[in-house]
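What follows is a short report on a single structure.
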Amino acid sequence: MSIVMSALLENLNDAQREAVLHVDGPLLILAGPGSGKTRVVTHRVAHLLEQGVRARQVLALTFTNKAASEMRNRIQSLVPGEAVWVSTFHRFGARILREFGELVGLAPNFTIYDTADSRQVLKRVLEAEKIHVMGYSPDRIAAAISSAKNKLITATDYQARRGSPLSEIVAQVYPAYQQRMLQSAAVDFDDLLMHVASLLYHNPEVRGQLDNRFRYVLVDEYQDTNKAQYVILKALSVDHPNLAATGDPDQSIYGWRGADITNILEFERDFPQVRVVRLEQNYRSTKCILRVADQLIAHNTRRKKKSLFTDNEEGRAVRLVAYGDQDLEAAGIAEEIHAAIERGERRASDFAIFYRTNALSRSMERALRAAGVPYQMVRGQEFYGRKEIKDVLAYCQLANNPHDDVAFDRSVNSPTRGIGKKSIERLNLHAYRHGTSLLEAARQSPSIDGLQKRAVNALTSYVQLIDEVSSLATDSVEAVIGTVIEKSGYSKALRESGDVEDQSRLENIEELLTDARQFDEQSEDLSDGGLEAYLERTWLVNETDDWETEADKVTLMTLHATKGLEFPVVYLIALEDGILPHERSRDTAEGLEEERRLAFVGITRAEDLLQMSYVRMRDYRGQRRMAIPSSFLMEMPRDELEMVDARSNDLDFFVDEYDAYDVDEPYEEPSTQIDLPKPATPKTPITAHLKTAAQLAGSGESAQRARVSPDEFALGMTVVHPEFGPGKITALGGSGSARKATVQFAAAGERRFVLAHSPLRPASS
Ligand SMILES: Nc1ncnc2c1ncn2[C@@H]1O[C@H](COP(=O)(O)OP(=O)(O)OP(=O)(O)O)[C@@H](O)[C@H]1O
Ligand SMILES: [Mg+2]
């Protein structure tokens, strides 16, 4: 065994080693989180190269650009100097279509439309074909088309599936939409996969050629593949069935994008000789964290039970904290992080905060800023999705693909050059009648009847500019974009505008130039530069692209973005009903199980410490409402959780978390025995485990801020309730933690509260 080889196998357990040493034939690695699946993929690639397999015969696929580059780097460090193609499925699809797209009617210089652009095409189709949508939104229709594509149902196949009102509409829209996309030489994200699948299916020679080229195909996060991806993988593994997939069905969280867990079952059916390897040791998390994760996921019925153990330490109990509202939740967490950094125990980059949707991050960001904690919010897409950036890139897009009508629409009048709506309509009509692109119609504008001289002149100079940009396409990307922003008058218009917003747009455009320059620099030695490659990068961005893994900052991200990652300390916020599980998921058992998997993915990212939290009142989507703790919390083992009520400092009296704060009945008779309806699931009252915040090291201060002492309230005082607004105290009774008040609200009428547990505040505070 060579030295390199032994190093390769050194940090692997027996099962991992078995998978890494496997060379020929199909391989399926099914294992839970943190068991080294991703490590096995990189080590296996390195081992294949060690065995003499050529780098270009290996293809490793995953789901995000970040995961791909991470994997590429790991392979590089194991076997320096070898460049294996590690790609996302979508980039792989794009590359294959640039080479063979003509076989499915696609020009090689095609544009990839993002969701906004493809929605634009859909709307145009609905208008042009005068399709009656019967109240269905374009989003809904687009989702139905997308879902069909992910299942490889073509526009033609779809005709046989008519029946429901929505499918009747889709049956009309889908073919027209596809036709228009092809006319514009454009694809949407789903097409990148569907066209490749169709190409491989209809062209046996091409399939054979690619099967031969990619002798060894490896896929990480296999549980998130959809039908189209599965068919592509299978087609590449007929003559050389060396397909290796690693995945965890319990981490399948992209069902809404067509991910299909049955792909794993089909794998075993399609490749009966498959070697299945199970990895059972988790290297990531403490025993405490794993037990909580395990018991939660056990509530899913559609799953195969896996055994997972760890030799890691027992660790600290997982914490479940109740806060008063989202600002207190955010402040509590921010202060805790701040304190741990101050004490020198942790670095900012040790921490991650996860939430179900981006909308939940606002308070968290504010609190981190206030506490002076450096953080980064991972949300991606933002930059290239900005209007000014899309406008400028539209010129480049059109120069690269003259059929791109969406790019024409976007750029022809930004900045305004006096081409009126009427002229554009005429142009559209001309293009439609002659079957040409809009750019071609603009080129012919001098001979189009009814166009004003002014419009013709403007169109002519616009066409000249596009031609000039085209001729620059072999130049550096920076030069191309520089030409666009100067000659189009775009930056001039912004410079001359007095609007502050326009100044920040100008800065963004300058940032785009920097971005292009960096791309030029990076691609010089990679020989994969140029305008089209740059554009492709802007089209295929992922949420996690901008994430600076090296920066010493707290990471904030949605649960969907956390796949494959790990952090020493994880905060999972807003574990509330309607948020996680998401309200849209509750209608079906499948939806609920997917949400549970999402929570499971979040929990299993944590190495040492995990805190989950929920609040009593939350401002969410413009509404302030009472929050109910997530039903998933009831499914977790009580005895494993350290429960903290960060809103009170008093141990003697606790109202059950699951009860409403508006305690009506026991007013007359102060008692700790408050009998209120309880949810069906919990057996041990959660309060039995509650600790006061003061008992917890490090979080005392934040917790106390949540509380207003019951003694501060007086008869006749005006108080404010987050939901009911201002009111007056009309009666007071009891003392200490049992002190209660009756409050008369203007709109909500009379309400009674146990003060220690109410969100009431004196009006002046
Ligand atoms: N044999 C091993 N010895 C020591 N550490 C290991 C071993 N195998 C994996 N690890 C470490 O355990 C952690 C989890 O590994 P990895 O990310 O590959 O797991 P995974 O199964 O891909 O997890 P996920 O399902 O979350 O993607 C990593 O930090 C990895 O370096
Ligand atoms: Mg992994």
**OP:** Provide the gained length on full extension for the span N73 to E583, in nm with one decimal, where the gain is 0.36 nm per separating residue minus the Cα-Cα distance.
**Re:** 179.7 nm
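Short version: what are the Cα gyration tensor semi-axes of segment 304-400, square root of 5 times each eigenvalue, largest first, in whole Å?
So the equivalent ellipsoid measures 36, 22, 15 Å along its semi-axes.
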Subject >> segment 193-271: radius of gyration and largest Cα-Cα distance (Dmax), Å >> reply: 12.4, 37
**OP:** Starting from the Cα of K151, draw a straight line to each of the lysines and keep only those under 20 Å, dropping any in the same chain fewer than 8 residues away.
**Re:** K227, K234
**OP:** Measure out, as a whole number of angstrom, how far apart the alpha-carbon centroids of segment 336-388 and segment 44-60 sit.
**Re:** 39
**OP:** With a 1.4 Å probe and every protein chain kept in, tell me what percent of the accessible surface of segment 422-554 is carbon plus sulfur.
**Re:** 45
Subject >> Whichever aspartates and glutamates have a C-alpha closer than 15 Å to that of K37, once near sequence neighbours (fewer than 8 apart) are set aside >> reply: D14, E18, E70, D220, E221, D224, D248, D250, E280, E566
Original post:
So how tilted is helix 589-603 from the main axis of the chain? Cα-based, degrees 0 to 90, rounded to 10.
Top reply: 80
**OP:** Round to the nearest 10 and give me the degree value, 0 to 90, for the angle of helix 204-213's Cα axis relative to the longest principal axis of the chain.
**Re:** 60
Original post:
Relative to a virtual label point 7 Å from the Cα of K387 in the Cα→beta-carbon direction, which members of segment 114-144 show backbone nitrogen distances below 13 Å?
Top reply: none
Subject >> Built amide H within the under 5 Å cut-off of I29, gap 5+ >> reply: A245, T246, G247, V277
Subject >> Compactness of segment 210-340, expressed as Rg and Dmax over alpha-carbon positions, Å >> reply: 20.1, 61
Subject >> Those lysines that a straight Cα-Cα span of less than 26 Å connects to K130, excepting residues fewer than 8 apart in one chain >> reply: K149, K421, K422
**OP:** Count the DSSP beta bridges whose two residues both fall in the chain, then state the antiparallel fraction as a percent rounded to the nearest 5.
**Re:** 30
Subject >> q = 0.11, 0.23, 0.26 Å⁻¹, segment 537-614: log10 I(q)/I(0) [Debye, one scatterer per Cα] >> reply: -0.35, -1.13, -1.26
Subject >> Directionally averaged projected area (convex hull, Cα atoms, segment 1-95), nm² >> reply: 6.4
Original post:
What are the ³J(HN,Hα) values, in whole Hz, obtained from phi via the Karplus relation 6.51 cos²θ - 1.76 cosθ + 1.60 with θ = phi - 60°, for each residue of segment 37-49 in sequence order, with x given for Gly and Pro?
Top reply: 4, 5, 4, 4, 4, 5, 5, 5, 4, 4, 5, 4, 5
**OP:** Only helical DSSP H runs with n ≥ 4 go in: add -39500 (n - 2.57) per run for the chain, normalise by residue count and round the 222 nm mean residue ellipticity to 500 deg cm²/dmol.
**Re:** -13000 deg cm²/dmol
Subject >> the chain: projected area of the alpha-carbon convex hull, averaged over directions, in nm² >> reply: 37.6
Subject >> Rounded tilt (10° steps) of 287-297 against the dominant C-alpha axis of the chain >> reply: 70
**OP:** For segment 727-753 and segment 134-206, write down the distance between their C-alpha centroids in whole Å.
**Re:** 60
Original post:
What residues have an amide H closer than 5 Å to that of T88, excluding those fewer than 5 places away on the same chain, when H is modeled at 1.01 Å from N in the peptide plane?
Top reply: T62
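The values are calculated or read from the model by the stated rules, or taken from the named source; none is laboratory data. All of these numbers come straight from a predicted model, not from anything done at the bench. Don't worry about glycine lacking a Cβ; one is built from the backbone with ideal geometry, like all the others, and counts go over all protein chains shown. Heads up: the accessible areas ignore ligands, DNA and RNA and are worked out on the full protein's heavy atoms, side chains in. Shrake-Rupley method; radii C 1.70, N 1.55, O 1.52, S 1.80 Å.
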